[in-house]
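What follows is one structure encoded as structure tokens, with my remarks underneath.
Each reported figure results from applying straightforward, stated rules to the coordinates on display, with no laboratory input. Quick caveat, the model's predicted, so the values are computed rather than measured. All Cβ positions, glycine included, derive from the backbone under ideal geometry; neighbour counts span all protein chains shown.
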Amino acid sequence: MKNSNAAKLILLHPSSLHKQGAGAAAASAAAIAASHRVWLIFFISFFTLAFTLTLITTKDSSAAAASANSASATKKSPLPRPVFDALIHYASVNTSTVFSRMSASELSAVAAVLRRCNTNTNNPCNLLVFGLTHETLLWSSLNYKGRTVFVGDSDYFVSKLEQKHPEIEAYDVQFTTKVNELYELLEYSKEQLKNECKPVQNLLFSDCKLAINDLPNYIYDVAWDVILIDGPLGFLPTSPGRMSAIFTAGVLARSTKGSAGKTDVFVHEFDREVEKVSSEEFLCEENLVEITEKLGHFVVGKMEVNERDHQFCSDVSDSIASSSSPLSKTSKYWVDS
Ligand SMILES: *[C@@H]1O[C@H](CO)[C@@H](O)[C@H](O)[C@H]1NC(C)=O
């Protein structure tokens, strides 16, 4: 149809130029051309309008979709796997079979510091925990955004934990100390105060009998924000006791490379002799901020190398060296057991 019309137009044009009687044909050709132009304008404006409408509606719907996405993200981001697993673990564990656990107020004391540590700084919170306990998955979850490292005294329990929870970082240490060697070890550490057992050093290169020096190298370079000592075992005279963990925490806190320059150190079973006397020696009464039931809380500051001429505590007269019976000392802080 269209083709034959176009052919007619082409045939008509030359004849209309040469023949006078072809006026009507020329007029009809002009009318056809005009009507084509109208159609063309109509189509162009129609498509322009349609295109503009499409643009507006897609922009609106994509914006709506984006805002819907962000709303659902804040409301329903999936629970991280370790937190999910921890919830299941604590919901299903038979607590009457748990050997020892922290009390509600002791848990709150640690949790409060972990919360502050995770919100007040832009850096992730570094948490070092001595002891694999009932609370292991809890600490790992409470510090989910940060770095948590566990130190255990049994390679069996460490590998069992890692198998079950591959996201947990844990190392085992062979402790060489014994609870009944406490005072010998403290005397030894006094003699070595300017050498192997000094308060500011990289323990990786220390031969101090109280130093834990066989952890992965990087552990000694981390600025630990929180150190929790709830292991190794210390119930029996031949148990390893926590003097090495407490000494190590005292040195890590003083030797930190962190800008904050202070470390929260918690010592559990603080009512026992080893924990109390070792804390007094290496964490110091001046740094004790709170005792919650059996949990001592210290805040230990970074120390410059030449400060205090190699002493852990500023008031040496309070330390074991000048007192024959440190436990008989009466103090508003120290709990006597
Ligand atoms: C929890 O363990 C105790 C001791 O083994 C047992 O007597 C008790 O039945 C257990 N409770 C549940 C709910 O499994």
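On the beta carbon distance between Glu286 and Phe157, with R0 = 30 Å, the FRET formula returns roughly 0.25. FRET efficiency for the Asp214 to Lys75 pair, using the beta carbon distance and R₀ = 41 Å, is estimated at 0.30. For every other residue with a beta carbon closer than 13 angstrom to the beta carbon of Ser189, add +1 if it is Lys or Arg and -1 if Asp or Glu, then tell me the sum. My count for the surroundings of Ser189 gives -4. Straight-line cross-link partners of Lys194 among the aspartates and glutamates, defined as a Cα under 18 Å from its Cα and at least 8 positions apart when in the same chain: Glu184, Asp207, Glu281, Glu304, Glu307, Asp309, Asp315. Taking other Cβ atoms within 10 Å as a rough exposure proxy, Lys262, Lys76 sort from fewest to most as Lys76, Lys262.
With each label modelled as a point 7 angstrom along the Cα→C-beta vector, the Glu167-Ser314 pair spans 4.2 nm.
Between the amide H of Arg147 and those of Cys125, Asn126, Leu127, distances stay under 5 Å, these residues lying 5 or more places away or on another chain, with hydrogens modeled in the peptide plane. For the listed residue pairs Lys209/Lys294; Lys209/Lys276; Lys160/Lys198, the alpha carbons are over 30 angstrom apart in Lys160/Lys198. Neighbour counts of other Cβ atoms within 10 Å put Asp225, Asp214, Asp264 in the fewest-to-most order Asp214, Asp264, Asp225. Stretched out straight at 0.36 nm per residue, the stretch from Ser108 to Ile88 would grow longer than its current Cα-Cα span by 5.2 nm. Among 78-85, 141-148, 183-190, 273-280, sorting by the average number of other beta carbon atoms lying within 10 angstrom of each residue, highest first, gives 273-280, 141-148, 183-190, 78-85. Overall form of region 81-328: prolate. Here a/c, set by the Cα gyration tensor axes a ≥ b ≥ c, is 1.5 or more, and a/b is the larger of a/b and b/c.
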